[in-house]
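Report on the following structure.
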Amino acid sequence: MSGDRGGPAPAIRTRTRAELRRTRRPRAHSCWDHLYAAPLWPLHGANLGTLARTCDAVGACLTVPRFPWVPEALARGNTLREPLCTHWTGDPLGWLRKQRERGLRIVGVELADEAIRLADLPAARQPTVIVLGHEQHGIPPEALDLLDTCVEIPMIGTGASLNVAVAGSLALYKLAGLL
């Protein structure tokens, strides 16, 4: 019987680039206004570049602060060289308030008593913002009051948390319904 321990392994065929292109969206999206990654207090440019790539993969927009180094970080991280749907803000708290007023669900990735586990986070059924805090200090207390819910990513190791790019990517895939 093929595939048994004694028989030959089944052949694995990878898809060609042309096959992949046919099954995915034909071009980069403009604003779909459904899912936003919001690393509003970033510390490291490499994390923004990784999040930019994840946003493209899941069809999300990226909202970033107007720090002088952010455009270069995004340009370095966007290895696809396609335009990414990017929203800019000079007022992270004001931007979050505006999204709440628009009716978007605001989800923060944060270690909090009320946080739900990532595995229990449902896919976004309404326009949603995933808020990511500072790599060392997390989401500022004044922004926590604007969240509808917190999600935490359980860890077994000795670290307190994952970096922003990894945590944001996991949460984006979960909210996009791809995990």
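The values are calculated or read from the model by the stated rules, or taken from the named source; none is laboratory data. Just so you know, these numbers come straight off a predicted model, no measurement behind them. Glycine also receives a Cβ, built like all others from the backbone with ideal geometry; neighbour counts cover every protein chain displayed.
Here are the numbers for this structure:
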{"read-out": "The one condition in (1) of a type in the set (A, V, I, L, M); (2) over 19 Å from Thr54 (Cβ atoms); (3) in contact (Cβ under 8 Å) with a residue 24 or more places away in the chain; (4) outside any helix (DSSP H, G or I) that Ile156 fails to fulfil", "value": "(3)"}
{"read-out": "Search result, residues across region 110-129 that are among the acidic types (Asp, Glu) and either assigned to a loop (DSSP other than H, G, I, E, B) or on the phi > 0 side of the Ramachandran plot (or both)", "value": "Glu110, Asp113, Glu114"}
{"read-out": "Sole residue being within 24 Å of Leu162 (Cα to Cα), in contact (Cβ under 8 Å) with a residue 40 or more places away in the chain and hydrophobic (A, V, I, L, M, F, W, C), chosen from Ala52, Ala37", "value": "Ala37"}
{"read-out": "Flag if Gly103 is loosely packed, with under 11 Cβ neighbours inside 10 Å, within 18 Å of Ala38 (Cβ to Cβ) and free of Cβ contacts under 8 Å to residues at least 60 places away in the same chain", "value": "yes"}
{"read-out": "Pick from region 125-158, criterion of a type in the set (Gly, Ala, Ser) and at pLDDT below 95, ranking: surrounded by the most Cβ atoms within 10 Å (Cβ to Cβ)", "value": "Gly133"}
{"read-out": "Qualifying position, being surrounded by fewer than 14 Cβ atoms within 10 Å (Cβ to Cβ), in contact with a helix residue (DSSP H, G or I) (Cβ under 7 Å, 6 or more places away or on another chain), over 17 Å from Val166 (Cα atoms) and not polar (S, T, N, Q), among Leu84, Leu93, Leu80", "value": "Leu80"}
{"read-out": "Considering residues of region 54-77 that are surrounded by 18 or more Cβ atoms within 10 Å (Cβ to Cβ) and not in a helix (DSSP H, G or I) only, the residue farthest from the chain's Cα centre (by Cα)", "value": "Val64"}
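Residues are listed down the side, and each one gets a yes or a no for (1) in contact with a Cys (Cβ under 8 Å, 6 or more places away or on another chain); (2) at pLDDT below 80:
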| site | (1), (2) |
| --- | --- |
| Arg5 | no, yes |
| Pro8 | no, yes |
| Arg13 | no, no |
| Ser30 | yes, yes |
| Trp41 | no, no |
| Ala52 | no, no |
